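This report concerns only the one structure given below.
The values are calculated or read from the model by the stated rules, or taken from the named source; none is laboratory data. This is a predicted model, so every value here is computed, not measured. Cβ coordinates were reconstructed from backbone atoms using ideal geometry, including for glycine residues, and neighbour counts include every protein chain displayed. Please note that ligands, DNA and RNA were not included when accessible areas were found on the heavy atoms of the full protein model with its side chains. Shrake-Rupley method; radii C 1.70, N 1.55, O 1.52, S 1.80 Å.
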Amino acid sequence: MKKDFAFSHVKVIFPTAPARPYTPMKGGISNVWFDRYKISMDSPEHLDSINPMCQVLTDLIKEEVASGIAKNRILLGGFSMGGAMAMHLAYRYHRDVAGVFALSSFLNENSVVFKELEASQQSLPELFQCHGQADELVFHQWGEKTCTQLKGLGVTSSFHSFPNLLHELSLQELEQLRSWVLKKLPEVTANVQ
């Protein structure tokens, strides 16, 4: 993906989720952003692992801002749990970023994200979502429902479905994402007089 997702004017950072015990794997160690009680929309969120990871990733965002990147030139996104993490980060802590993308991702139906957005009067980052219709790990309808709930709370969003796509990325999906990134972060040209 790194080669397919390179831009001449955009720095792309691919952080790796830490290794931790993961309950859906019976406590086995896996590189995951947070723990889940189970992989299901109707499960409570594991905020004891989500919230500290939001702080770790906030520190990464702060480093980029300190290096001179304007916050409104930052996109947050990811695949599967990475997309869920990006939605938590953007809609709970960083509502001033340029946008969010979530690929094959969902938020639990009683997510703290929804609760916090109910009280928000602030403008919210645009959401770009993609999901495979054949995904048997994170069901397509979970992604769709997440998108619908966020739209109902004022998030401008687009949802793109891909027939026959499992819990994976496709070239067509990456091409659509690339176009969206270029729309959100156009090349800045210096004013020469």
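Summary table
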| item | result |
| --- | --- |
| Calculated SAXS-style log₁₀ I(q)/I(0) at q = 0.10, 0.15, 0.16, 0.18 Å⁻¹ - segment 2-104, Debye, Cα scatterers | -0.30, -0.66, -0.74, -0.91 |
| Ellipsoid semi-axes in whole angstrom, largest first, where each is sqrt(5λ) of the Cα gyration tensor of the chain | 26, 19, 18 |
| Local net charge near P15, Cβ-Cβ under 12 Å (Lys/Arg +1, Asp/Glu -1) | -3 |
| Rounded accessible area per residue of the chain, 1.4 Å, Å² | 52 Å² |
| Coil-residue chymotrypsin sites (Phe, Trp or Tyr not before Pro) of segment 21-117, DSSP, other Cβ within 10 Å capped at 14 | Y37 |
| Accessible surface of the chain, 1.4 Å probe, proportion on carbon and sulfur as whole % | 52 percent |
| Pair S170, T16: separation of 7 Å Cα→Cβ label points (nm) | 2.9 nm |
| Crossing angle, helix 47-66 versus the chain [Cα axis fit, 0-90 degrees, rounded to tens] | 10 degrees |
| Links that overshoot a 27 Å alpha carbon limit, given the list K71/K183; K62/K115; K145/K183; K26/K115 | K26/K115 |
| Surrounding net charge for R73, when Lys and Arg each add one and Asp and Glu each subtract one, Cβ distance under 12 Å | 0 |
| Nearest-ten-degree value, helix 140-152 long axis tilted from longest Cα axis of the chain | 60 degrees |
| Largest to smallest accessible area among E168, E118 [probe 1.4 Å] | E118, E168 |
| Span from the segment 1-68 Cα centroid across to the segment 117-147 one, whole angstrom | 17 Å |
